[in-house]
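**Student:** Structure provided below as structure tokens; questions to follow.
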Amino acid sequence: MSADRHLRASIALVALFLASGLWLEAMYGLRAEGWIDDPLRREFLRLGHAHGGLLGLVNIALAWALERLATPASWARKIRWAALLGAALVGAGFMLGGLLHGPTDPGPPVLAVPAGAMLLLSSLVATALLKSDDE
Amino acid sequence: MARAWLAPTLLFGPALAWSIAAAAGLAWTATDTAAWADLERHGDPVAGSASCRGCHPQQWQSWHDSWHRTMTQRPETGRVVAAERALVGPVGPVGPVGPAAGSGRQRQAGVLAPFAGEQLDYGGFRATMDRGDDGTPRVVVQRLDDAGDQVVGSPVLDVAVALTVGSHRYQQYVAQLGRAGGDDSELWRLPVAWHRAEQRWIHMNGAFVEPEGEVGSLPDYERHLSRWNDNCVFCHNTEPVPGRSDDWPGFRTRVGELGIACEACHGPASVHLERHLGNPLRRLLASADPGTDGSIANPSTLTPARESEVCGRCHGQRIAKDIAAVMRDGDGFIAGDELASVSRPIFADSTIAGAEGLEHGRPFAARFWPDGTPRLSAYEYQGLLLSPCWDPAGDDGLGCGHCHDMHGATPDGQPRAGRTGEGACVSCHSPDTLGGAQRSGGHGGHGQHVGAVDCLDCHMPRITYGLLEGMVTHRISSPDPAALLGRADQPDACTQCHVDRSRAWAAESMAALNLRSSPVDPSAAQAEERVASRVVLDLIGGDPIQRNLAAHALARPGATGSLEARMAWIAEGLEDEYPSVRWFAWRGLRSLVEQLDVEQVEQQDRRAALLDELQQFDYLGPIDARVEIITRVRALLGPGPLADHPELHEQLAADRWALAIWIGE
């Protein structure tokens, strides 16, 4: 993935999860059934909204950092993919887990959250450790 | 070459490994038959309500706020329920109390009474409620001298409270008696209780429907010193086991949890916990459809019959199939079982082996009205079984859960949201289909009183006594005063509100309102109804339950008749020989006096004088003191009922001696 594309995709991710906040606020204002009366769903949709938005910002920072640190291109391409995918999985995993939840726990999509977290974490660690002359 | 795979492995490897493991775990869990099978839970241990809280916080909280939870508490661990917090204020009943205040000792949360040295003189004995050196609530009973002023001799009872029972209407106390020859394994209900609404001590003889005992008689004073292990334990605890057997001396009583906790209605949860805590993936795959788990019962998904049996286990007095087995190991019932597999509900004609000769072969008849309707609380299940809304097949009729919600927001009565008043009925009985609904006055002819009269007032009248209260019957029926014309042994729905009217009037009014009714035979009406209302006749000449309920009806909001007339009538109950009748009359009269118009100058002094007299009146106090107050109250209220017919009054009062009964709370 190119640096430009990563930056644009990260901004789009932030926009997407910020927009989901409008949706949640509207459901609160409208006292929507299945939201106002479902604390588990509310909690996980909020988690998805917050994590998706914040991790989108992390991706923007990461896109800038990869350029600033001159991370080797072969690594940078993969880091961008991993970081972007990780942010999307965390946000979407929380949200889908909340939408499809059972009686006491979120639904199986929440299992995507640890996978996304690992992707993002390994991306950040790699960015921090790699030097411009590493191959 | 190594560099080519290093980046993707480090970046994507952990997430990929996790994803593969999670997918495999989900697939394995989904296809593992043991994870989804219905599990046998009979005999399983109780896990305890604390183990439910983590996964079901909302349900746990609504249970925690209920009166069910505080059915039995240890004095040192009990917590006050939400409703009680509302009564005593946001800080709860915690704070320095009485003599203990100086030492900084605080009232224990599970104990509603102060236990700060209060005294209750009753029946020739003085009970003193205080605390031991370690702060444990204590009850000491001593005999009074003939004058009733000083205690004489050593205490006849000196015990430390081990458990509290109840907290809604009144709180009873349980202790080891420690008497010579007594069994350490036995706990006994003490003779005094704390009445929550009145914030006072009462003697248990006053809560039972029975005449008072002889002054100075210890057996009479201790009449309700009942053993907890094989009585109270059953319906005030979760999965109780009395532990009584011929194989060992005394009791080996144990309970799954004190009070009515989660597993009283859902059954033992240990395998449920094992299933869901042992494999978190099982929780992720759990269906959102309640009742599909297989390791726990959810009463809301049972058929109305099975669901109602969960409640009927305690709210419907029963006779065990095998009494010895129940006394040894408990009844073994868990939610979803047929209650009939372990017991049968008590009805008017029920008998028990070995008691065929008792009460003419009908030992339980006094607990029911002549038509078989229960007239005591804790028979709500029987009322439901006798209702036309009940489906004997059990699949499609009315169940407890239609009107009650154990996880709702209202602890008192635990009504389901929207199912109070007419809301209880209209989901099945559309107003459009009810007779008379389309004309002015509406169904039942009470349309002009919308808000004051609803379905329950006529179809579930307050003809049940329990815990010093008049309660709605759970036998749903249509009023038919004509069927009771000429009889004085059972109240009808109409005259419980129309307290100034006769049953003959009610019977004729049914026809006038074009409502279904038995044929009206005016000649069948009792002659005395021409000079007094049905409820007033019940108050003077009914049996003790009728007198309790008559006094209760006279003071109910919405009762017809002038305030003055009702005050003069209800004061008759202050003279009753049954403490419970005096209680209803005293409380009812007080509420009526409080309604006197304080704007009228001439009423102000009278109202204050009456309230002052009633403040001094103790329905459990010595008869001499009561008579003095009654004389002054009567002077302020004017003549009582049937003052113009003293012979009839005397006859009714004399006849009621033949109606004496001895039945429970």
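Any read-out appearing in this document is the output of simple, stated calculations on the displayed coordinates, not a laboratory observation. Computed from a prediction, not measured in an experiment: that's the story for all the values here. For neighbour counting, all protein chains shown are included, and Cβ atoms are generated from backbone atoms with ideal geometry for every residue, glycine included.
**Student:** Which of B:P268, B:T238, B:G250 sits closest to the plus end of the dipole of segment B:207-274, meaning its Cα is farthest towards the positive end, when Lys and Arg get +1 and Asp and Glu get -1 on the C-beta?
**Tutor:** Farthest towards the positive pole: B:P268.
**Student:** Moving on. With a cut-off of 8 Å between alpha carbons and a minimum separation of six or more residues, what is the relative contact order of chain A in percent?
**Tutor:** 29
**Student:** By its C-alpha gyration tensor, with a ≥ b ≥ c as the square roots of the eigenvalues, how is segment B:11-63 shaped: rounded for a/c under 1.5, else prolate for a/b larger than b/c, else oblate?
**Tutor:** Cα axes put segment B:11-63 in the oblate bin.
**Student:** Counting partner chain Cβ atoms within 10 Å of every residue's Cβ in B:16-22, what's the average?
**Tutor:** The shielding value for this peptide is 4.
**Student:** At 0.36 nm per residue, minus the direct Cα-Cα distance, what do B:R516 and B:D32 gain on full extension? Give it in nm, one decimal, please.
**Tutor:** Full-extension gain reported as 168.3 nm.
**Student:** At q = 0.11, 0.16, 0.23 Å⁻¹, work out log10 I(q)/I(0) for segment B:504-589 with the Debye formula, treating every Cα as an identical point scatterer and leaving solvent out; two decimals please.
**Tutor:** For segment B:504-589, the Cα-only Debye profile gives -0.35, -0.67, -1.05.
**Student:** Express the relative contact order of segment B:297-440 as a whole percentage, based on alpha carbon pairs under 8 Å and six or more residues apart in sequence.
**Tutor:** 23
**Student:** For segment B:292-339, state the average projected area of the convex hull of the C-alpha atoms over all orientations, rounded to one decimal in nm².
**Tutor:** About 3.8 nm², averaged over all directions.
**Student:** Given a Förster distance of 30 angstrom, what is the FRET efficiency for A:D37 paired with B:D412, based on the Cβ-Cβ distance and rounded to 0.05?
**Tutor:** The calculated FRET efficiency here is 0.85.
**Student:** Does segment B:297-440 come out rounded, prolate or oblate by the C-alpha gyration tensor, with a ≥ b ≥ c the root eigenvalues, rounded set by a/c under 1.5 and, if not, prolate when a/b is larger than b/c and oblate if not?
**Tutor:** Cα axes put segment B:297-440 in the oblate bin.
**Student:** Hey, rough spin-label estimate for B:D395 and A:A3, points 7 angstrom out along Cα→Cβ, what's it come to in nanometres?
**Tutor:** Each label point is offset 7 Å from its Cα along the Cβ direction, giving 7.2 nm.
**Student:** Could you pull the Rg and Dmax for the protein assembly as shown, using just the Cα atoms, both in Å?
**Tutor:** 33.9, 119
**Student:** Expressed in nm to one decimal, what extension gain is obtained for the pair B:L16 and B:I623 from 0.36 nm per residue of sequence separation less their Cα-Cα distance?
**Tutor:** 209.9 nm
**Student:** Lys/Arg Cβ at +1, Asp/Glu Cβ at -1, dipole of chain B taken about the Cα centre: which of B:A366, B:W201, B:A585 is farthest positive-ward?
**Tutor:** Most positive-ward Cα: B:W201.
**Student:** Let me ask something else about it. What are the principal axis extents of the Cα atoms in segment B:479-659, in Å, biggest first?
**Tutor:** Projected onto its principal axes, the Cα set of segment B:479-659 covers 49, 41, 26 Å.
**Student:** How large is the translational diffusion coefficient of segment B:565-665 in µm² per second when you combine the Kirkwood radius over alpha carbon pairs with Stokes-Einstein at 37 °C and 0.692 mPa s?
**Tutor:** D = 226 µm²/s.
**Student:** Restricting things to alpha carbons, tell me how big segment A:1-122 is in terms of Rg and Dmax, in Å.
**Tutor:** Here Rg and the maximum Cα pair distance are 15.8, 51 Å.
**Student:** So, with +1 on the Cβ of K and R and -1 on the Cβ of D and E, and no other charges, what is the size of the charge dipole of the protein assembly as shown about its Cα centre, to the nearest 20 debye?
**Tutor:** 3400
**Student:** Give me the tail of P(r) for chain B as a percent: Cα-Cα pairs with distance above 49 Å.
**Tutor:** 21
**Student:** Where both residues lie in the protein assembly as shown, what percent of DSSP beta bridges are antiparallel, nearest 5?
**Tutor:** Restricted to the protein assembly as shown, the bridges split so that about 95 percent are antiparallel.
**Student:** To continue, here is another question. Roughly how tilted is helix B:623-637, in degrees to the nearest 10 and between 0 and 90, from the longest Cα axis of chain B?
**Tutor:** The angle comes out at about 70 degrees.
**Student:** Set the Förster distance to 30 Å, then compute FRET efficiency between B:D605 and B:Q119 from the Cβ-Cβ distance, nearest 0.05.
**Tutor:** 0.35
**Student:** Apply 1/(1 + (r/R0)^6) to the Cβ-Cβ distance of B:D655 and B:D612, taking R0 = 30 Å, and write down the FRET efficiency to the nearest 0.05.
**Tutor:** The formula returns an efficiency of 0.30 here.
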